Amino acid sequence: MMNFANLILTEYELVIYCCEIDNYFVVEVAELSEFLADGKTHQEMVINAEINIQE
């Protein structure tokens, strides 16, 4: 199993928000202006952020 925490995201400061009502995660990357990614799980959020950073 791949450890997503060791990908490119480790180079950035992540601010993670969790909406308890919707059980949804949102991450903001402070160094990248206006960057947001989300996911239904913590792992999905990290994967989506990783994909968006590489684009």
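The values are calculated or read from the model by the stated rules, or taken from the named source; none is laboratory data. Quantities reported herein were computed from a predicted structural model and do not represent experimental measurements. All Cβ positions, even for glycine, are placed from backbone atoms using ideal geometry, and neighbour counts span all protein chains on display.
The table below lists the values:
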quantity	calculated
Segment 11-51, subset among the polar types (S, T, N, Q) and loosely packed, with under 10 Cβ neighbours inside 10 Å, residue modelled with the lowest pLDDT	Ser33
In segment 7-55, the residues that are among the acidic types (Asp, Glu) and part of a strand (DSSP E or B)	Glu28, Asp38
